[in-house]
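First comes the structure, then the notes that go with it.
Each reported figure results from applying straightforward, stated rules to the coordinates on display, with no laboratory input. Since we're looking at a predicted model, the values are computed, not measured. Reconstructed Cβ throughout: ideal geometry from the backbone, glycine too, with neighbour counts over all protein chains shown.
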Amino acid sequence: MDRQKESIKTFNLPFFQGVEAIAGHHIRNEFRRHIHESYIIGIVGQGCRIIDDQDGPIKVLEDEIFVLNPGRVHACRSGSPAGHSYRALSVRAETMQSIACQISGLEEKAPFFKHVRYTHDVLCDRIRQLFTIMDAPESDLQLESMLFTLLAFLIRRFSASPPPIDKSQKAKDSIKRACEYIGRNFETYISLKQLADVACLSPFHFQREFKKHIGITPHEYLSDCRIREAKKMLLKSGDIADIAIRLGFFDQSHFSRVFKKSVGVPPGKFRRTNMVR
């Protein structure tokens, strides 16, 4: 039987400082005892990952989650003869601490996680969704928002001393300013931090309040603005590739995918059906 080739790929997320994504496929290598300076948050996609630390061997099975605090001494190996596959995030301690501070509005320590292995359907779904979107995001804002939401959820639900949510934030006018900003700037690159700064809220509270007041996420609101403008431009016979670039999409295929998801048909068919001859 042919053995599938081992591979480990890492890539930075430029819009989110302090976070690196890791994809390991068919890993059979045994990693000696070592430590990471960052948090490692991962999910096993296939096979079994064994993490050896001071508590002994910990088996992480398919669709189970592993979390390692910075500085935790451990070794890793596969519990499956054919190797195992996983996806993980490497997150700097200061990034996690910053999110914890945003949640409470107070000075917080970097979160600490008591366990290495976790089984939780919601957390598992969020990690899988994040990595699925990472392969073909609709926008950087979408990926940035999903990543931030995931890390905040992890801290609030699973850290040893979860920070309380600061409920003193009053955001109605702040969210209105953010919507107006998106309406004026939807053709340009927009980050979560930009929107949070416009709203004078932390990114954590901005996302929370935006969904509460508007009913959809900032990314969905941005996408709606771009698609509304795209429909107008298509009916004026603009070049589809040019429209895609002008409205901030990665390329024409990306634009077509998002347009069809929103409108139900590809841009070309929408134009042919709706143009007055």
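Setting aside same-chain residues fewer than 8 positions from residue 114, which aspartates and glutamates have a Cα under 12 Å from its Cα? Within reach: 55.
So for 74, 219, fewest C-beta neighbours within 10 Å to most, what's the order?
So the residues, fewest neighbours to most, are 74, 219.
Computed on the range 196-277, with alpha-carbon pairs under 8 angstrom and 6+ residues apart, the relative contact order is 18 percent. To the nearest ten degrees, helix 172-185 and the longest principal axis of the Cα atoms of the chain are 70 degrees apart.
Near residue 32, within a Cβ-to-Cβ distance under 12 Å, what is the net charge of the other residues, with Lys and Arg +1 and Asp and Glu -1? Could the numbers behind the result be given before it?
Working: positive: 33, 77; negative: 30, 52.
Around residue 32, the charge tally is 0.
How much net charge surrounds residue 77 when only the other residues with a Cβ under 14 Å from the Cβ of residue 77 are counted, with Lys and Arg +1 and Asp and Glu -1?
Values: positive: 28, 32, 33, 49, 59; negative: 6, 30, 52, 53.
Local charge sum for residue 77: +1.
Projecting the Cα positions of 44, 267, 202 onto the charge dipole of the chain (unit charges on Cβ atoms of Lys, Arg, Asp and Glu, taken about the Cα centre) puts 267 furthest along the positive direction. For the chain, adding -39500 (n - 2.57) for each run of n ≥ 4 DSSP H residues and dividing by the number of residues yields -14000 deg cm²/dmol at 222 nm. Relative to the longest principal axis of the Cα atoms of the chain, the long axis of helix 93-104 makes an angle of roughly 60 degrees.
Can you tell me the order of 132-142, 196-206, 49-59 when each peptide is scored by its average per-residue count of other Cβ atoms within 10 angstrom, highest first?
Working: 132-142: 16.6, 196-206: 21.5, 49-59: 14.5.
The densest-packed peptide leads the list: 196-206, 132-142, 49-59.
Relative contact order (percent) for the chain, with alpha-carbon contacts under 8 angstrom and 6 or more residues of separation?
Details: 456 pairs, mean separation 38.3, N = 277.
It comes to 14 percent, rounded to a whole number.
Loop-resident chymotrypsin sites (Phe, Trp or Tyr not before Pro) (DSSP state other than H, G, I, E or B) in the range 54-145 with no more than 13 further Cβ atoms inside 10 Å of their Cβ: 112.
Here the range 91-125 and the range 182-212 have alpha carbon centers that stand 22 Å from each other. The string of couplings for the range 56-66 from the Karplus curve (6.51, -1.76, 1.60, θ = phi - 60°) is x, x, 10, 8, 10, 8, 4, 6, 9, 10, 10 Hz, one whole number per residue in order, with x for Gly and Pro.
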